[in-house]
Each structure stands twice: as structure tokens, then as C-alpha cells.
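All remarks here apply to the structure that follows.
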Amino acid sequence: MAQSAVRHAKLWFAGQSQNWALAAYEIDELHEGFEDAAQYHPTHKHIKQPIPELIGNFMNKPLAALEQSVKDQNLHAFNKNFDSLTAACNACHQSTEFGFNQVTTPLFNPFANQKFDLNH
Ligand code: HEC
């Protein structure tokens, strides 16, 4: 999950820099992280529902929408779909009694050693 949070943040900065290749990569990494979580942590002692089902229910739609906006290189759609993704992350936290884990759009870029904007 901490890894997903890093991917989520990098995806935001990739989008803002219109580095669409990096954005597509971070979406793939998010998918992989959730697949691993579903495979290796299919149940959780504090969660009633099966994890793979929760992930599918909450993540499939927003990730697919983001993928499309990255393909279209559409920053406006990206920003809107990024908000939907963040809301879906939090909706899963709410529904699993981890509502105290609130994800937001990152306020500043903490990745000092990565170039997001390849054109400047
Ligand atoms: C299956 C529902 C689910 C989805 C979808 C989900 N999370 Fe989580 N998240 C959890 C659970 C459960 C925890 C509690 C930590 C644990 O036990 O692993 C958690 C914990 C976290 C934490 C706290 C980790 C820490 O160590 O401080 C962060 C940050 C986080 N999630 C980010 C995200 C982001 C970003 C997304 C969306 C891209 C996301 N989560 C989507 C269920 C989910």
C-alpha cells in the first residue's frame, strides 16, 4: 500500500508534466501492485470482504478511465480522472475501516532525484 501511494504521487507529477509515457508506466505499476496484493493478501484479519473483489470494485473503473486520458494525452481529463482515482482509494479505505488513511493529490513533489518534465 505504501508503494501504491508512491505510484499514485508519481502518476500525478507525470501527468502534470505531460510525461505520458511515465504516466502510463505508473498506471501499470499500480495495476501490478494491486494484483500482488490480491494474490498474496487475499484476506485481511480486519476486513470481511475478499480483497481481490474490493480492488476490482474500486479500482477497475478509475484506472481504466485514467489509462484512456493518458492515451489521449488529455490533461484536463487526466486531472478529473485522477480525482476519481483518489476518491476510489479513499472509498476502499472507508469501506474497510481504514478510513483514517486518507489519500490526497500531492501538495508538493518529494522526488528530488527524478525528472518528470522531459521537455524542460
Ligand atoms: C482493497 C481496498 C483498497 C484500495 C482499492 C486501496 N487501498 Fe490503500 N489501504 C487499504 C487497506 C486495507 C490499508 C491498511 C493497511 C494494511 O493493512 O495493509 C490501506 C492503507 C493505505 C495507506 C497507508 C499505508 C501506510 O503504511 O501508511 C496508504 C498511503 C494507501 N493505502 C494508499 C492507497 C492509494 C494511493 C490507493 C489508490 C491508488 C489505495 N490505497 C487503494 C485498502 C485499499
Tabulated pairs, region 7-29, first within 20 Å of residue 103 (Cα to Cα) and within 14 Å of the ligand (Cβ to nearest atom), second outside any helix (DSSP H, G or I) and aliphatic (A, V, I, L, M), C-beta under 9 angstrom, 6+ apart or interchain: 8/103
Scan of region 24-48 for residues that are open to solvent by 50 Å² or more (accessible area, probe 1.4 Å), within 15 Å of the chain's Cα centre (by Cα) and farther than 20 Å from residue 116 by Cα, ordered by number: 31, 32, 35, 36
Total residues in region 86-104, condition closer than 13 Å to residue 57 by Cβ, near the ligand (Cβ under 6 Å from one of its atoms) and either modelled with pLDDT of 95 or more or of a type outside the set (Ser, Thr, Tyr) (or both): 2
Residue check, residue 11 aliphatic (A, V, I, L, M), open to solvent by less than 20 Å² (accessible area, probe 1.4 Å) and touching an Asp or Glu at 6+ places or on another chain (Cβ under 8 Å): yes
Residues satisfying the stated conditions in region 49-79, i.e. surrounded by fewer than 13 Cβ atoms within 10 Å (Cβ to Cβ), part of a loop (DSSP other than H, G, I, E, B) and without any contact (Cβ under 8 Å) to a residue 24 or more places away in the chain: 72
Residue pairs meeting the criteria (Cβ under 9 Å; at least 6 apart or on separate chains; first of a type in the set (Lys, Arg), in region 105-118; second at pLDDT 95 or above and part of a loop (DSSP other than H, G, I, E, B)): 115/17; 115/19
Which listed residue is on the phi < 0 side of the Ramachandran plot, assigned to a loop (DSSP other than H, G, I, E, B), open to solvent by 100 Å² or more (accessible area, probe 1.4 Å) and among the aromatic types (Phe, Trp, Tyr), from 98, 108: 108
Lone unmet requirement of (1) more than 8 Å from the ligand (Cβ to nearest atom); (2) modelled with pLDDT under 95 for residue 78: (2)
Index of the failed condition, residue 67 passing every other in (1) acidic (Asp, Glu); (2) under 20 Å from residue 44 (Cα atoms); (3) modelled with pLDDT of 95 or more: (2)
Per-region count, region 85-95, residues surrounded by 15 or more Cβ atoms within 10 Å (Cβ to Cβ) and under 13 Å from residue 8 (Cβ atoms): 7
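The values are calculated or read from the model by the stated rules, or taken from the named source; none is laboratory data. None of these values were measured; they are calculated from a predicted model. Counting neighbours? That spans all protein chains shown, and the Cβs are built from the backbone with ideal geometry, glycine included. Note: accessible area is taken over every heavy atom of the protein model, side chains too, but ligands, DNA and RNA are not part of it. Shrake-Rupley method; radii C 1.70, N 1.55, O 1.52, S 1.80 Å.
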